[in-house]
Every structure is written in C-alpha cells, then in structure tokens.
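**Q** This is the structure, below, for whatever I ask next.
The values are calculated or read from the model by the stated rules, or taken from the named source; none is laboratory data. The shown structure was predicted, so the numbers you read here are calculated from the model rather than taken from an experiment. Cβ: placed from backbone, ideal geometry, glycine included. Neighbour counts: every protein chain shown.
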Amino acid sequence: MRKGTRAIGLILALALTAVGFAGCKDTKKDVGNGSGGGTQKTEGQDGLEGSSEDAFSDNYGGKGRFLETELTLPKETDRVLAAGKLSDGSISVVGYNVNSMQYYIMNTKDLGDSWDSKEVQGMELFYVSRAAIAPDGGAVLMDPYGEELVQVTPEGAATAGSLALPGAEGEKKNQIQQAGYTEDGTLIVLDIKGVLYRADAKQGTVEEITKNMSEEAYYFGIAGNDIVTVMGSGVYRIDAGTGEIKKDETLRQVTDSSQEPLGGENSYPYLFTAGAEADSTIYVNHEGLFFHQMGGSVNEQLINGALVSLGDSSLSFQQALTIDESTYLVLGSDSLGVPRLYRYIYDSQASAVPEKQLKVYALEDSVTLQQAISYFQKQNPDVFVKKTIGLTDNDGITAEDALRTLSTDIMAGNGPDVLILDGIPVESYIEKGILADMKDLVEEVEEEDGLFENIKEAYIRDGSIYEMPSRFGFSVVEGEAEAVGAKNSLEAFLEYAKGKKSSDPDTHVLTPMSASGLLHELYYADSAGWRKEDGSLDAEKLEAYLKAAKEYFDLDTYSQEEYNDQVENYTFRLGGMGGAASTVANFRLILMGYAGIGTISSVRDVQQIYATEAQIGGAYEIFGEADNSSFVPYVSVGIAAQSAENQQARAFVKGLLGKECQTASSDGFPVNRAAYQEHLKNQKEYAIGTSRLDGTAAGVDVKVLTEEQANTLLKQLESLKRPILTDRVIQELVIEEGIKCLGGDGTPKEAADRIMQKVKLYLSE
Amino acid sequence: MGWKKYTGWLFLLPGFLGVSVFYLIPFLDVVRRSFTQAVGGKFVGLANYQMIFGNQAFLMAAKNTLRFAAVCLPLLLVISLGIAVLLQKLEAWSGFLKGAYLIPLAIPAASVVLLWKLLFDGRGILNGILTAAGQSGIDWMNTGASFGVLVFSYIWKNLGYDVVLWIAGLSMVPKQVYEAARVDGAGEWRCFFYITLPGIRPAAFTIVVISFLNSFKVFREAYLVAGNYPQDDIYLLQHLFQNWFRELSVDKMASGAVTMAAVIFFLVCLLQKSWDQK
C-alpha cells in the first residue's frame, strides 16, 4: 500500500514537471509574412486570414511560383479606362492621353511586350468616364451619364449614341458607375444607385438584371457570361443573361474581412474575373490573387501579394484578366495616378518562396515603405521581404510596448536587417552600435542620381551616416505679404496676427487648426533650435513655443459649427507628411483667415499654393531664421550592424533612396535629385472647386510651376540646414502637455515646467 | 527504503525546476550582462555599475523606491495589524469585513487607475470637494502630493491582504493564554504587548517580506496614471527599467537589476537575522 502511494506520488511529481514545461515548447513557426508563391488552399474566410501570416520556412524548398513583370504601356497612355481579353486571345486597353486629349485603343498579341495603338476616330469630344472592351475587339466609351456614347467597331469605325438610364431623381441625373462586356458580347452597366443593367449601345436601351435583389451593387467584375458583384452582404455571382444568382457561401464571404470601404470610384479593394477552368472565379486584393471553384469550400491563393506589387497598399486596383491557368494580368494605378499593368506567369522552376529573407521594421507603415518593398521585391524575386509594423490600428499597443518588443528581438538575435527609424531612439541605437555606417552607400546613390547635399550633410556624424531620411518637408508661412514678412520667428508672426486682429476684431486672421494640428505644425516650424549644446532642452524656447501656440489658438475664436465644418472635415494629415501649407492656402481661398503656418511636402503642394496665390494674392516663405532653417525628415532609414543579410539590406536602402522608388510617390520631397526632377516633370494641371463660407463658389486652376517658381522651390529645398527635433519621447511630452495647455489647463509656463521636469528625467536616464 | 529519503526532493523538483528555468537561470544571465556591453557582449568589468551610480535618474528612482518602502511598510503593517486585532474581536461582522477589505485586491489595475483619475485629476472629485469647501485645488499628480497619492493607493490595495495574513497569525496564539492573563488581571494593552506581539512574531517575518515585495507592484498604477515620466517623487526603479529597456540600455538595466536584487536580498537577510536574534 505504501509502495503504491509512493509510486503515485512519484508519477504525480514527474507529471507536474512535464506539464510545467509543456508550455515551453516553441510553437512559433511563422517567420515570414506570406505564403510563398506556391499555391496554397485556405478554408473559407478564416483560412484566408491565416494565409497572410503563413510559414516562410514551411514552404521553403518547394518549386513553382508566379513571377511578376510590369508591362510598359504605350507612351501616350496617361490614363487607362478599361482592359479586356479578346476572343482571339489578345489583350486590348482603352487609354487616354492628357496632352492631346485623345483616346486610344491599344492591342497586344504577345501579352504586353509590344502594342498596336489606334486613335479613336470620328467621335465628338466629350469627357469619357467609363469604357469597356468587347470580346470582338470593339469598345464603348461613355460620359458619366450615358448621354454621350461612342461605340467603336473592331475595325475602328466609331458610331455616336446614348444610353437611356432610368431613375433620374428631380434634376439629379442617374450616372453610370461601371461598364464591362461579358464573353458573349453583352454590355453590362452599373448605375450610381447600384442597379445592374444589360445595355444595348446601338439601340440605347437598358434592361435591369438584378430585379430580384434588394441590395445595391457596389461594383462588379465579369467572369465569362456571369457578373461577380460586391454588395453589402457579400459577393454574388449572377448569370448576366437570366439574372439568376449562383449561390456560393465561400465566395459570398470573400469580402467579409475587408478593412477598406467596398465601394469606390474607379478603384476597388477586390477585383473579380473568370478563372481558366469552367465555373471558377479569380479574385485579387492586396493579399494576392486567389482561385475559387464555384461550389467549393476553399479559396486557393495562387499569388502571394506580399511577394509582388499587389501587396503595395498604395496600388489602386482597376481590372484583372485571366489569360490561361498560368498567366494573369492586373491593371491598376499607383499613388500618383500613373497606370500600372502587371503580368504574372507561372514559373515551375522558381522556388515556391524566395530562399532568402530580409526583415524590415517600422513603427508605422507608410506608402513610401510599401513602395520600396514592392520595388525591391521586383528587383530581387529570390528574396522575401518580411515587413514588421510595430504600431497597427488593430492591436492597440503603444509605441513604448512596440519598442520594447523590438528591443527583445534585437537582444535575442532576431532583430530586423533594415530599420525605418521614425520614432525609434536613434541616438541610443547609434551609441550602442546597433546601426551600421552607410555613408558609402549614400554616396553611391549620390553619384548615380544626386542627393540634396544639405539633407545628407545634416546626418553626417564623425564622418559616418547611420540614418538617412528618404523624404522631407519644411515649414512655411503662407498668406498675405505682411504675414510673410513676419516669417523669422513665432513671436514676429504673432505680432503681425495680433496687429491685424486689433485693427479688425471681427475678422479671422489665422486659418483654423485643431489644437493637436497647430501644436504639430508649430513644432515642425520651431523645434530644431530647442536643443542646447549640452544636449538639454532650452526651457525658454519651449515656453515661448507654448505661449505662441496658445496665443495662436486663442486669437481667432471659430464657432463650433465653423470648426466642425471646416477643420474636422478637412483633411489635416498630422502623422505623416501631408502638406498643411496647401491647406492653409485653401482656407484662405474660402475666406477663413489671412495667413497660417504649415508644412510643404510635395511639388503638388507648391502648385496648389501658387494657384491660390494667383487668384487672391499672397506668398509663401520658409518659416524661421533665413540662414538656419529646418526640415521635417520622413521615412528615415538605417541598416542593422548585425544584419545577417547585409548585402540585401544595403540593396534595399539603395532602392529606397534610388530614383525609381523616390519618384513613385509624393509623400514628402524626395532626397534624390533625379527623382525630384521627375516630380517636376510629372506635374499635372487640374482644377479645384470649393465653396466659400458665404456660399459662393471658389475655385482655382492648378498650373505647372513656372521656371522661376521651380527655381525658387529648388533654392528653398537647398537652403534647409537641420532636421527638427525628432526625439519621439520629447515630441509626445510636448504635444501632450501642449494640448492640455491650449485646452485651458494651466498656463504655458506651467506646461513648460511640467515638460521640462519630465524631459530632464528622460535625458538623465 | 532507499526511495523514501528522496520523496521530499521529488515533490520539490517541479517547483524548483520552474523557478530555475524562469527565474534563477535568467537572473544569472542578467548578472553576466551586467558586466558586458549592451550589444556585442564585450566584457567591461564594473563599468556598468559605475555608470548607474553616476546616473541621476537611477539615484532618484532608487531613493524614491526606498523612501516609498520605508514610508509604506510601517504604515501598512501597523494599520493592518490594528484592523486584524479589531476584526478578531468583532466576531459577528468579521467574515463580511474580511471580505470587504479584500475587494481592492480583486479590482483590476486599469479600473483603479480610472478611479485615481476621477479622484485626483486637476478637475477631479477631490479638488471639487476642496473648492466647494473654499480651499484651492491641488495638482495631485504633478506636485509632491503625488507621493501621498501613491502611498494611499498602496495601502488601500494591500490592506485587506495583510489583514488576512495577520488574522491567520493571530489565530495561532492560544486563547487560553489570554484567558489566563486576564484572570491574572492583565488589561487589553498588556495582553497585546506581552501575548499578541510575541505570539505573532513568526508570522510577522513573512508578512513584512511579502508586503515589502508587494510595494514594488505599485508601479503598475503609477505607470498607468502618469506614464513613463511621472512627477519626480513617484519615479520608481521600475519606470527606469522600462525606459532603459525601450532604449535598449540592457547594460544599465542588468546592473541596476542586480543592484536592486542585492539590496533586497541584504534587507531580507538583515530582517531574518534580527528576527532570529530576538
């Protein structure tokens, strides 16, 4: 009996030990952010979610992957309105050239390697907003209302016509939202109310397809003779001829996890087309390209978005085409509106997932970073870029938590190869030898394309460069001439504003801003000079900043209604680079204030400012001391000294700073001079319309910068000397206390004292 | 027969292995890191210790942490013992009151923080009462008053726990001793000083050590209310360690942690020695 008790005791003790350590097993499998290029089946929506976080290592070693090629569209193509696969297997697109204001139908018989381009003849000039390519090679081009329409035969002859859309409400006309041809040549149109019609372009008649659907359709894709449409409750495949809905629960749930709004003007979070097999559907989103067999319970991921350009969140999708089971085309446009056509061909010899991995870390995601990843991925199909974002909208963790997680990874030897240093304690990282010197790399880019030397110079420490911003902006005073004359300091600017206010107490002198927006903009304008030589913060300058912010905020009392209408609803982009200066100009245009301080971050911003000034006068000048002006760095990059993929990391950074990547977006001025020249070259002219507070219409024509204006801008960019104070901890403390102060909680002096107490503590650590 | 003498060890094994893997071995790694550079692992001797003893933030945090323990511990121990003794006498309500005192322990830190903010904000309930009474409000969290707030919070949260521990200790003193003393004419105070206090001495050691260690947990509330950089008086060692970790200052963090562990170990040994001598 006693032996038995002892034996039980022994077993229990061992079991406890075993159970205690059972949790220690490393179950972490995922190293990568993608499923690899090999096909992978996912169960319903849950499966889909899992597919974007799959194992890099699990698939490692397999063969076969879709490889991406970006096709060059004919040079006259500024916009693509539609694309379609013809019955002879060739591809046609409808393009538009802005300068000649001409429409083209372009055809390729070799999957985009060469194009035949035909100008659409014989049509009256009207604004074409919708178009579709017919399977026989013909096309239809329509104005937004269907009132003006041109039908083009495969031979190129054009016939004018119109479509009689039902459902006009009062004076408000119904509009065509989208158009497409089914495989049997039936024209399908979707109106603004979400109703799908079969249309006869010749007769000008339409017939409603979705009579038995109570929901409105957001948009659709064509799959053979079916329509795949997205509605509020999900995705439905409908027979275009009969209007019969083909029930498929897995397909219906495809959009359930979409974070983006499902409706969109010319751009859709999901694209649908027919698969190569009968009754199959292909859909595309930023996670990749997926195959679904009708009636099946799985969605098969054929292409992992993370490995190709599909993963670029700045890419707007327009149309997907299936050529055969191993070839797909995806049409979209980048953040600058430039059309992009990608071809995906299955390569059975390519490894299923890239054999190497490059880890890139950023606290916050950005268009610039995503473009750099897509660019690098295209150049290096054998390297998988694993992007880790510390702060996402979904998990609610703080920057502090994210940085501590990053510290843990670095200490465990799992740190990233490339770091986007915005918000990261750079000084501490440099001091501890985390970051590698990349001066030679920066100089290579400088030799190839040229860099803004003044920006580069600001980052040289003891002959080394550990950090380099890829983009930047700068603060300006924008407004009437008197305001611009007071550009040298916050105090001078406020003197101007107070003087103006005292002479006309009822007027709004400064353009409106939220407390947080104002504090950020003034921080960008003023903080570069706050650090003393010993590294501490200048308490007097900090107090002066808070005092100025408070006076600025209190000077014009905007009513809550004005504030809600004009400020909250206006797009102030506070986190990233956003061109608050052009917003200042826009406010002036609608008669809300005479001047303001804001950031300029793109050639487009400058175009808009000049457009406003051309109409109502005024000017803009860099804010601050003339010979010591500051810039706002954005997407600063560094390479981990301990990186196991050092060469790949260097190639990535070189790509990020290189011309192509820097040209691709306008999220800040590029540090690359060649890219800056491209930005100047790519300027577009357009019109902005809005209404003033009194209800009258206001609008400006945005023009390409004149040579003189471009030279002025270049001089301004070259005159910037030093970065603003980018220490995240200090910035957060300042903004946090500043908001309290502007809200009436204590004086600027008290707020400055509180900030200084905390900053002293921080700096003494 | 041979197995019998190892049975006790076998039962200790799971716990010991757990403590070793999750605490002792990592701590040994921390000790190692306290003599090396933050990154790269180069041996630097006592440089990290020299660095932290010259670091103003560390000195301030260490001073505040010790000051906090020195103020809170006696207060908590005395108040909780007093309540425990009273509760033991209040037989009718003792069960309910014991439960009531334990409620703060069950309240999540996040809820406590909300309460703190309602009470101690510049425009909070306390200042509202002060203003209504004709007094000027106090900036509770940005002046020296924040230390008092932290002490109050610690005592409020841990009082019930200590009361229960004291009651357990008090129950170990035989009732017959009190009865005999009262027959001999001893009053309440005499009973307390000559019977209760000596009787609970064995339990007191454990309660002091537990309360001391619990005093380090007050950081959670301080952090959630005032963030990484609170008012100087409530800036504790844990704030500093968190911030050092964020900045990847593992060298400073390791030497600071070893120093702190050494001080705690020394104080506990000192306490035990003084207990043993009595």
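**Q** Mind listing whichever residues of the range B:43-64 are within 13 Å of chain A (Cβ to nearest Cβ), of a type in the set (A, V, I, L, M, F, W, C) and free of Cβ contacts under 8 Å to residues at least 60 places away in the same chain?
**A** Within the range B:43-64, just B:Leu59 meets the criteria.
**Q** If I filter the range B:25-42 down to residues being assigned to a helix (DSSP H, G or I), surrounded by 12 or more Cβ atoms within 10 Å (Cβ to Cβ) and of a type outside the set (Lys, Arg), which single residue comes out as nearest to the other protein chains (Cβ to nearest Cβ)? Walk me through it before giving the result.
**A** Narrowing the range B:25-42 to residues assigned to a helix (DSSP H, G or I): B:25-33.
Checking which are surrounded by 12 or more Cβ atoms within 10 Å (Cβ to Cβ) leaves us with B:27, B:30-33.
Applying the additional criterion that residues be of a type outside the set (Lys, Arg) yields B:27, B:30-31.
Numbers: B:Phe27: 16, B:Val30: 12, B:Val31: 16 Å.
The residue in question is B:Val30.
**Q** For the range B:212-243, name all the residues that are at the interface with another protein chain (Cβ under 9 Å from one of its Cβ atoms), of a type outside the set (A, V, I, L, M, F, W, C) and part of a helix (DSSP H, G or I). If you could, list the steps in order and put the result at the bottom.
**A** Residues of the range B:212-243 at the interface with another protein chain (Cβ under 9 Å from one of its Cβ atoms): B:227-232, B:235, B:239-240, B:242-243.
Checking the rest, the ones that are also of a type outside the set (A, V, I, L, M, F, W, C) come to B:227-232, B:235, B:239, B:242-243.
The answer is B:Asp232, B:His239, B:Gln242, B:Asn243.
**Q** With the structure loaded, tell me whether A:Val700 is within 14 Å of another protein chain (Cβ to nearest Cβ), buried (at least 16 other Cβ atoms within 10 Å of the Cβ) and not aromatic (Phe, Trp, Tyr) or whether it fails that test. Explain how you work it out, then say what you get.
**A** Working: within 14 Å of another protein chain (Cβ to nearest Cβ): no; buried (at least 16 other Cβ atoms within 10 Å of the Cβ): yes; not aromatic (Phe, Trp, Tyr): yes.
In short, no.
**Q** Something else about it: Does any residue of the range A:216-234 turn out to be outside any strand (DSSP E or B), more than 27 Å from the chain's Cα centre (by Cα) and more than 22 Å from A:Leu289 (Cα to Cα)?
**A** Yes, that holds for at least one residue.
**Q** Right, next: Among the strands (runs of 3 or more DSSP E) contained in the range A:60-122, which hold 1 or more residues that are within 28 Å of the chain's Cα centre (by Cα) and either of a type in the set (Gly, Ala, Ser) or surrounded by fewer than 17 Cβ atoms within 10 Å (Cβ to Cβ) (or both)?
**A** On the way: elements: A:63-71, A:79-85, A:91-97, A:102-108, A:116-119.
Output list reads A:63-71, A:79-85, A:91-97.
**Q** Checking the condition of a type in the set (D, E, K, R) and within 13 Å of chain B (Cβ to nearest Cβ), which residue from A:Lys715, A:Lys740 passes?
**A** On inspection, the qualifying residue turns out to be A:Lys740.
**Q** Give me the pairs: first residue in the range A:397-408 and at the interface with chain B (Cβ under 9 Å from one of its Cβ atoms), second residue loosely packed, with under 15 Cβ neighbours inside 10 Å, beta-carbon distance under 9 Å, and six or more apart or on different chains, which are they?
**A** Close Cβ pairs satisfying both conditions: A:Thr408/A:Asn414.
**Q** Do the conditions hold for A:Val702, that is, is it under 30 Å from A:Ile616 (Cα atoms) and of a type in the set (A, V, I, L, M, F, W, C)? Before the answer, list the steps.
**A** On the way: under 30 Å from A:Ile616 (Cα atoms): yes; of a type in the set (A, V, I, L, M, F, W, C): yes.
Yes, satisfied.
**Q** Across the range A:614-665, which residue is farthest from A:Ala687 (Cα to Cα) among those that are within 14 Å of chain B (Cβ to nearest Cβ) and hydrophobic (A, V, I, L, M, F, W, C)? Quick ask: steps written out before the conclusion?
**A** Taking the range A:614-665 first, the residues within 14 Å of chain B (Cβ to nearest Cβ) are A:638, A:640-643.
Right, trim to hydrophobic (A, V, I, L, M, F, W, C) and you get A:640-641.
Details: A:Ala640: 46, A:Ala641: 49 Å.
Only one residue tops the list, namely A:Ala641.
**Q** Take the residues in the range A:418-452 that are free of Cβ contacts under 8 Å to residues at least 24 places away in the same chain and more than 14 Å from chain B (Cβ to nearest Cβ), then tell me which one is farthest from A:Thr405 (Cα to Cα). Outline the logic, then answer.
**A** Let us first name the residues in the range A:418-452 that are free of Cβ contacts under 8 Å to residues at least 24 places away in the same chain, namely A:428, A:431-432, A:440, A:443, A:446-447.
From the residues that got through so far, the ones that are more than 14 Å from chain B (Cβ to nearest Cβ) too are A:440, A:443, A:446-447.
Numbers: A:Asp440: 31, A:Glu443: 33, A:Glu446: 35, A:Glu447: 38 Å.
By that ranking, first place goes to A:Glu447.
**Q** Having 1 or more residues that are in contact (Cβ under 8 Å) with a residue 24 or more places away in the chain and surrounded by 15 or more Cβ atoms within 10 Å (Cβ to Cβ) is the bar; report the helices (runs of 4 or more DSSP H) wholly within the range B:81-195 that clear it. Don't jump to the end; show me each part of the working.
**A** Numbers: elements: B:94-106, B:109-120, B:125-132, B:145-171, B:175-183, B:188-191.
Ranges flagged: B:94-106, B:109-120, B:145-171.
**Q** Restricting attention to the range A:464-521, which residues are in a strand (DSSP E or B), in contact (Cβ under 8 Å) with a residue 40 or more places away in the chain and at negative phi? Please lay out each step first, then the result.
**A** Let us first name the residues in the range A:464-521 that are in a strand (DSSP E or B), namely A:464-465, A:468-479, A:510.
Applying the additional criterion that residues be in contact (Cβ under 8 Å) with a residue 40 or more places away in the chain yields A:468-479, A:510.
Those that are in a strand (DSSP E or B), in contact (Cβ under 8 Å) with a residue 40 or more places away in the chain and at negative phi: A:Met468, A:Pro469, A:Ser470, A:Arg471, A:Phe472, A:Gly473, A:Phe474, A:Ser475, A:Val476, A:Val477, A:Glu478, A:Leu510.
**Q** While we're on this one: For A:Thr281, only one of the following conditions fails: (1) within 30 Å of A:Gln683 (Cβ to Cβ); (2) buried (at least 18 other Cβ atoms within 10 Å of the Cβ). What is its number?
**A** (1)
Each row is one residue, and each column tells you yes or no for (1) at pLDDT 90 or above; (2) not hydroxyl-bearing (Ser, Thr, Tyr).
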site	(1), (2)
A:Val150	no, yes
A:Thr153	no, no
A:Glu171	no, yes
A:Gln177	no, yes
A:Val189	yes, yes
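**Q** Does the range A:656-676 hold any residues that are modelled with pLDDT of 95 or more and surrounded by fewer than 22 Cβ atoms within 10 Å (Cβ to Cβ), and which are they?
**A** Within the range A:656-676, A:Arg673, A:Ala674 meet the criteria.
**Q** If you don't mind, there's one more thing I want to ask. Could you check the range A:317-337 and list, in sequence order, the residues that are surrounded by fewer than 18 Cβ atoms within 10 Å (Cβ to Cβ) and touching a strand residue (DSSP E or B) at 6+ places or on another chain (Cβ under 9 Å)?
**A** Applying the first criterion (surrounded by fewer than 18 Cβ atoms within 10 Å (Cβ to Cβ)) to the range A:317-337 yields A:323-327, A:336-337.
A:Ile323, A:Glu325, A:Ser326, A:Thr327, A:Gly337 - these are the residues of the range A:317-337 that are surrounded by fewer than 18 Cβ atoms within 10 Å (Cβ to Cβ) and touching a strand residue (DSSP E or B) at 6+ places or on another chain (Cβ under 9 Å).
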